[in-house]
Amino acid sequence: ELKVEQNPLFLSMQEGKNYTIYCNYSTTSDRLYWYRQDPGKSLESLFVLLSNGAVKQEGRLMASLDTKARLSTLHITAAVHDLSATYFCAVDEANRDDKIIFGKGTRLHILP
Amino acid sequence: DTEVTQTPKHLVMGMTNKKSLKCEQHMGHRAMYWYKQKAKKPPELMFVYSYEKLSINESVPSRFSPECPNSSLLNLHLHALQPEDSALYLCASSVGGWMETQYFGPGTRLLVL
């Protein structure tokens with residue numbers, strides 16, 4: 001059974017600092033997704049990572065995927081208050097197009 | 001038009017009611033999705049339509065019935081729901097492949113009494 005673990009689950013950090021959110025998964029997969037959700041709002045798709053070694057960047061966020069380690073990271077550079085949100089990673093199980101599992105989410109609070 | 005719309009925004013229904021949620025996009029996307037999200041929990045994928053063909057998530061009870069009348073429209077028909085089905089229901093679409101970058105609607109908040 002595919003399991004997806006994010007850590008930390010809650011992170012409070014100062015503006016201007018760098019930090020990394022980790023997403024580990026338990027079985028073979030080469031597709032991983034990152035989403036953002038503001039409180040009380042819908043989801044926003046951030047990154048789609050489709051191969052080992054994939055790296056994508058958008059503004060202060062950078063995501064990477066290591067399929068051999070079954071690990072993805074979401075790195076935040078010089079955090080700003082507007083990045084406060086919950087971040088989810090999700091993994092779909094290899095050869096099962098109808099099964100995607102989300103991590104529990106990392107609630108990120110950036111102090112101004 | 002780069003928007004996914006969902007109606008209604010809020011819905012309260014009894015356990016014997018039949019209701020439908022509607023999702024629409026006019027971006028020419030060929031994949032559409034329904035998610036369920038309970039409070040303070042991660043989303044759960046319910047259904048995927050890809051090129052108007054359904055991909056079924058095995059864990060979804062039959063009281064939820066999806067319908068894709070055309071490539072722009074996705075419905076979720078609700079019948080005999082339980083209070084534990086109360087949640088935020090999110091619709092999304094993507095260009096072609098079933099897990100490309102998704103564009104989400106604002107969601108429908110459902111309360112089952």
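Each reported figure results from applying straightforward, stated rules to the coordinates on display, with no laboratory input. As the structure is a prediction and not an experimental result, all values here were calculated from the model. Note that each Cβ is placed from the backbone with ideal geometry, even for glycine, and that neighbours are counted across all protein chains shown.
List of remarks:
- Within a Gaussian network of chain B (alpha carbon springs, distance under 10 Å), most fluctuating of B:Lys40, B:Lys22, B:Lys53: B:Lys40
- Dipole of the protein assembly as shown, positive end: most advanced residue of A:Thr28, A:Leu9, A:Gly53 [Cβ charges, Cα centre]: A:Leu9
- Panel order for A:Lys17, B:Lys36, B:Lys9, by other beta carbons found within 10 Å of each beta carbon, from fewest to most: B:Lys9, A:Lys17, B:Lys36.
- Sequence of B:Cys23, A:Cys89 once ranked by neighbouring C-beta atoms within 10 Å, starting from the fewest: B:Cys23, A:Cys89
- For the stretch A:1-57, the fraction of C-alpha pairs more than 16 angstrom apart is 59%.
- 4 °C / 1.567 mPa s Stokes-Einstein diffusion coefficient of the stretch A:3-112, Kirkwood radius on C-alpha pairs, µm²/s: 93 µm²/s
- Applying 0.36 nm per residue to the separation of B:Lys18 and B:Thr101 and subtracting their alpha-carbon distance, the gain on full extension is 26.7 nm.
- Label zone at A:Asn24 (point 7 Å along Cα-to-Cβ), backbone N below 19 Å, the stretch A:1-17: A:1-11
- Taken along the Cα-to-beta-carbon direction at a fixed 7 Å, the label points for B:Tyr51 and B:Met27 span 2.0 nm.
- Debye equation applied to the C-alpha atoms of the stretch B:1-78, log10 I(q)/I(0) at 0.12, 0.14, 0.27 Å⁻¹: -0.35, -0.48, -1.46
- Inverse mean reciprocal Cα-Cα distance (Kirkwood Rh) of the protein assembly as shown, Å: 18.1 Å
- Cα-based equivalent ellipsoid of the stretch A:48-106: semi-axis lengths in Å, sorted from largest, via gyration tensor: 23, 15, 9
- On the basis of the beta-carbon distance and an R0 of 35 Å, A:Ser12 and A:Ala69 show a calculated FRET efficiency of 0.85.
- Summing Cβ point charges (Lys, Arg +1; Asp, Glu -1) relative to the Cα centre of the stretch A:31-112 gives a dipole of roughly 200 debye.
- Divided by 2.2 N^0.38 Å, where N counts the residues, the Cα radius of gyration of the stretch B:46-100 comes to 1.18.
- Cross-link reach list, lysines versus B:Lys9, counting only Cα pairs under 28 Å and skipping chain neighbours closer than eight places: A:Lys41, A:Lys99, A:Lys104, B:Lys18, B:Lys19, B:Lys22, B:Lys36, B:Lys38, B:Lys40, B:Lys41, B:Lys53
- Inter-label distance, A:Asp82 to A:Arg60: 0.9 nm, where each label sits 7 Å from its Cα along the C-beta direction.
- Remark on the protein assembly as shown: B:Cys68 stand apart, with no other cysteine beta carbon under 4.7 Å.
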